[in-house]
Amino acid sequence: MEDPQANGDHNHNHIPKKLKLSSPSSFISDSEIRQEFAHHQLGIARINNGSFGSCPASIIAAQKRWQLRFLQQPDDFFFNHLQNGILRSRTLITSLINADHVDEVSIVDNATTAAAIVLQHVGWAFAEGRFQKGDAVVMLHCAFQAVKKSIEAYVTRAGGSVIVVQLPFPIHSDQEIIAEFRKGLAMGKAHGRKVRLAIIDHITSMPCVVIPVRELVQICREEGVEQVFVDAAHAIGSVHVDVKEIGADFYVSNLHKWFFCPPSVAFLYCRKSPIALDLHHPVVSHEYGNGLAIESAWIGTRDYSSQLVVPDVLDFVNRFEGGIAGIRKRNHDAVVRMGELLARAWGTHLGSPPEMCPSMAMVGLPSSLRISSDDDALKLRTHLRDHFEVEVPIYYQALKDGEIGGDNWDGRVAGYARISHQVYNTVDDYLKLRDAINQLVKDGVTCSDLP
Amino acid sequence: MASDDHHIPNGSTTTPPDIQFEFAHHDPAIARINNGSFGSCPSSVISAQQDWQLKWLQQPDDFYFNTLKPSILKARLIIRDLINADHVEEISIVDNATTAAAIVLQHVTWSFLSSQFQPGDAAIILHYAYGAVKKSLQAYVARAGGQIIEVKLPFPVNSDEEIIQEFRKALELGRMNGRKIRLALIDHITSMPSVVIPVKELVKMCREEDVDQIFVDGAHSIGCVDIDVKDIGADYYTSNLHKWFFCPPAVAFLYCKKSDILNQLHHPVVSHEYGNGLAIESSWIGTRDYSAQLVVPEVMDFVNRFDGGIDGIKKRNHEKVVEMAIMLAKAWGTHLGVPPHMCSSMAMVGLPACLGIFSHSDGLKLRAYLRDCFKVEVPIYHREPEKGEDSPITGYARISHQVYNTVEDYYKFRDAVNKLVNDGVTCAFLSD
């Protein structure tokens with residue numbers, strides 16, 4: 001079943017909502033789903049799958065079996081089973097993402113590690129004279145904080161410069177993003193600066209928006225950007241991923257966010273090229289020089305079990321109607337429905353149109369809450385957790401240039417809740433959030449009242 | 001620090017651990033005499049780890065915001081006391097010694113790149129340094145223009161003095177032509193062959209010879225030999241808690257003596273904590289399972305149920321492994337590669353020359369054969385013979401002793417080798 005968010009293409013058919021018939025016996029039932037996630041803390045409206053993901057009980061059990069095998073006879077495990085297990089996972093991922101060759105797929109802990117790998121390589125290029133002082137790296141202004149710091153640690157420190165492309169939010173269409181990116185990139189390239197690497201999110205984290213990556217990669221190529229790294233931390237299990245179609249040089253996604261793996265496991269795809277041969281894992285083991293995938297498969301004694309359960313996860317998702325594509329679609333439809341429900345209830349709006357939402361949506365919060373800083377957003381999140389048993393991250397939207405600020409709060413939506421929908425969520429989770437916010441508004445609570 | 005054997009502080013009594021129960025998950029068919037490679041973890045600690053893992057899965061946001069940091073701090077405080085460090089800021093928790101090496105060596109790279117160090121400045125390491133560490137030196141020091149000097153140590157070895165002499169010679173060579181030695185990387189217990197190195201003396205020599213910084217790779221040390229980082233006097237010291245300190249894979253500490261340089265060390269996996277100090281950076285390197293780092297308190301409870309706590313365990317392991325090594329050497333007509341006082345909880349026992357161990361790959365083949373056909377797990381070391389040696393011993397088994405081992409494990413090994421000898425088996429006959 002083709003996924004409507006495939007790489008920015010947003011022409012999708014309206015498929016009727018699932019009818020309330022009992023599913024064919026071959027599909028996982030609602031009560032089985034509840035069992036799979038019975039370890040989730042009772043009483044919490046857990047609408048933040050985006051931050052730390054989730055893992056069903058049958059996968060946790062599979063992981064424990066792998067952990068036990070290591071503990072039983074670690075030498076035998078190391079010599080005879082570990083490498084095969086990792087290769088098996090890599091092979092499955094290669095097909096999932098439509099890569100050409102398993103050599104292009106390395107397994108690492110998380111997108112944060114992948115960023116360090118790619119950026120350390122950039123650092124060496126500066127150090128060894130392949131890049132000149134002042135050559136640039138491009139990033140989005142809303143890039144994940146860890147990535148920004150990694151750029152500081154490996155690029156700025158080595159003499160590179162950084163071009164920051166501002167994207168608008170709230171957003172109304174792909175066209176806005178494409179136009180802003182083209183503008184930002186052109187401006188950054190002024191004075192003949194060479195752009196060595198662009199880092200583009202497939203799905204930005206905060207605020208959460210699906211970016212038209214294929215188009216942006218195309219613009220990068222047209223503008224002479226040497227290499228493109230797509231940070232798709234949220235993508236796999238959330239939107240359709242086809243790395244050849246997207247056309248980037250590097251692409252990373254976390255399998256523990258939306259793909260039901262335990263923490264932590266991610267893949268880093270590196271399109272076959274001479275440069276890919278020079279990438280190294282920063283934790284150097286005896287495998288140094290054997291290629292990134294082999295280096296990453298052994299970085300000293302550790303628990304690699306989360307990397308080994310990918311086959312079990314495929315079994316799990318295939319118990320759902322439509323497999324992972326069906327899960328993605330239903331998550332997307334549900335989160336949009338819930339987002340619209342909340343926006344109506346609060347008199348606000350969604351931060352992006354439905355076709356630019358993955359399995360997450362940004363829902364405007366009532367202006368009376370007076371969210372006026374990142375600190376306020378965090379305080380509100382904590383308050384919702386501690387007093388209403390709702391877990392949801394809050395985003396603070398700073399004033400746009402020219403906007404009147406100060407005490408003019410009427411109708412100005414400065415805060416958004418990033419709601420997620422995963423298979424374990426129910427409507428009640430969102431009603432709980434709705435009611436919590438309504439209560440705060442009714443009581444006249446503002447963020448400055450919160451501890 | 002001997003603990004009161006059977007009493008925990010609040011006055012109630014506790015029984016010594018039931019070893020059979022605690023290690024019931026070990027494959028019962030195997031004579032597991034290789035604790036040195038991958039360590040071991042008792043069931044009560046595994047169970048504690050699973051509790052931590054479950055807490056995360058139950059409500060990860062709450063765990064992240066409210067539980068993770070204080071729990072890592074608790075582990076760091078325990079480690080600080082265990083190794084006699086001054087400040088908890090000096091203690092970072094990382095995955096393993098391999099990661100610790102990357103942290104220290106990446107800093108050396110930046111020193112070369114910022115011209116604080118000059119091309120040709122040297123790093124000095126033992127020839128027996130761990131393979132991963134040597135590669136890390138290639139990746140971070142040689143690549144940045146540094147020179148690597150290897151200190152060849154004798155093996156078999158008979159005394160600390162032999163090691164001290166070789167090291168002194170290498171330091172002199174290193175400083176020839178006014179070359180600066182920027183880093184000395186010294187093992188506390190070498191891996192293969194396994195020897196306890198007189199680190200305190202070597203560190204002192206390095207200071208006298210004006211070596212900039214000293215990094216002790218004590219991967220095996222904690223739970224195996226005494227560690228007093230102030231007494232040893234190095235700038236950096238790392239050890240894996242999952243080898244001899246009963247933690248699950250993987251957790252290690254990197255001690256960095258307080259100095260201006262401490263602020264310049266970074267974890268290579270950069271998160272939003274970048275710039276907040278190595279310990280804080282290391283405590284969050286993206287979403288991962290940090291549970292192995294959180295069970296240090298439960299491990300202290302475990303070791304304190306033994307007579308003499310961790311010190312008692314160390315002492316008994318050492319005595320037992322020496323006893324077993326001598327028994328094996330007698331049975332095979334060979335010798336120990338290292339005198340008892342230079343053995344830790346591991347010993348190097350010569351294998352009969354007739355087995356024909358002539359290369360590193362012979363050693364691997366023999367190890368696999370012992371595993372598959374005799375159910376004995378023990379790593380084999382190949383040693384190049386000196387010129388003119390007559391029928392030399394070129395193969396050594398590195399036997400370990402941990403609390404779960406019994407004499408039967410070593411008898412099984414003894415009998416396996418005797419059978420191979422009786423049957424005239426040599427490594428040349430073993431399949432790859």
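Overview of results
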| read-out | value |
| --- | --- |
| Rounded FRET efficiency, nearest 0.05, which uses the C-beta distance separating B:Asn263 from B:Met176 and R0 of 45 Å | 0.85 |
| Accessible area in the full protein assembly, largest first, 1.4 Å probe, for B:Ile163, A:Ile178 | A:Ile178, B:Ile163 |
| Contact surface B-A: accessible area buried, both sides summed, square angstrom, 1.4 angstrom probe | 5300 Å² |
| Lys/Arg +1, Asp/Glu -1 at C-beta; segment B:309-429 dipole; positive extreme among B:Pro352, B:Asn418, B:Asn405 | B:Asn405 |
| Kyte-Doolittle mean at least 1.0, axial Cα span of 15 Å or more - DSSP H helices of chain A | A:111-127 |
| Lys/Arg +1, Asp/Glu -1 at C-beta; segment B:58-300 dipole; positive extreme among B:Leu73, B:Ile148, B:Leu241 | B:Ile148 |
| Alpha carbon convex hull of segment B:43-145, volume per residue in cubic angstrom | 176 Å³ |
| Test item: Cα-centred dipole of the protein assembly as shown, Lys/Arg +1 and Asp/Glu -1 on Cβ, debye | 860 debye |
| Over chain B, volume per residue of the alpha carbon convex hull, in Å³ | 154 Å³ |
| Amide N proximity, segment A:193-223 versus A:Ala398 label position 7 Å along Cα-to-Cβ, cut-off under 15 Å | A:206-207 |
| Average partner coverage of A:153-163, which counts Cβ from other chains inside 10 Å | 2 |
| Efficiency of FRET from Cβ geometry, A:His81 and B:Lys169, R₀ 41 Å, rounded to 0.05 | 0.40 |
| Reciprocal mean inverse distance between Cα atoms of segment A:76-316 - Kirkwood radius, Å | 18.2 Å |
| Protection proxy ranking, peptides B:341-349, A:119-127, average beta carbon neighbours within 10 Å, highest first | B:341-349, A:119-127 |
| Pairwise centroid distance, computed over Cα atoms, of segment B:350-408 with segment A:295-321, Å | 35 Å |
| Check: segment A:214-361 dipole with +1 on Lys, Arg Cβ and -1 on Asp, Glu Cβ, in debye | 480 debye |
| Inverse of mean 1/r across different Cα pairs in segment A:178-337, Kirkwood, Å | 17.7 Å |
| Accessible area (Å², per residue) of chain B, counting only protein heavy atoms and a probe of 1.4 Å | 38 Å² |
| Nearby aspartates and glutamates by direct alpha-carbon distance to B:Lys230 (threshold 19 angstrom, same-chain neighbours under 8 apart not counted) | B:Asp81, B:Asp86, B:Glu89, B:Glu90, B:Asp187, B:Glu201, B:Glu208, B:Asp210, B:Asp212, B:Asp217, B:Asp260, B:Asp311 |
| Qualifying chymotrypsin sites (Phe, Trp or Tyr not before Pro) for segment B:225-255 [loop in DSSP, other Cβ within 10 Å: at most 15] | none |
| Distance histogram for the protein assembly as shown (every C-alpha pair counted, 10 angstrom bins, percent rounded to whole numbers) | 2, 12, 20, 23, 20, 13, 7, 3, 0, 0 |
| 10 Å Cβ neighbours from other chains, averaged over peptide A:374-382 | 1 |
| Normalised per residue, the volume of the convex hull around the Cα set of segment A:64-208 (Å³) | 171 Å³ |
| Computed accessible area, A:Lys432, all protein chains, 1.4 angstrom probe, square angstrom | 70 Å² |
| Cα-based reach from B:Lys135 at 20 Å (exclusive), listing lysines while leaving out same-chain residues under 8 positions away | B:Lys152 |
| Reachable lysines from B:Lys412, criterion Cα separation under 19 angstrom, eight or more residues apart if same chain | B:Lys320, B:Lys330, B:Lys365, B:Lys375 |
| Dipole magnitude (debye, nearest 20) for segment B:58-300, charges at Cβ of Lys, Arg, Asp, Glu | 500 debye |
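The values are calculated or read from the model by the stated rules, or taken from the named source; none is laboratory data. These figures come from a predicted structure and were not determined experimentally. Please note: Cβ atoms are built from the backbone with ideal geometry, for glycine as well, and neighbour counts cover all protein chains shown. Ligands, DNA and RNA are stripped out before the accessible areas are found, and what is left, the full protein with its side chains, is counted by its heavy atoms. Shrake-Rupley method; radii C 1.70, N 1.55, O 1.52, S 1.80 Å.
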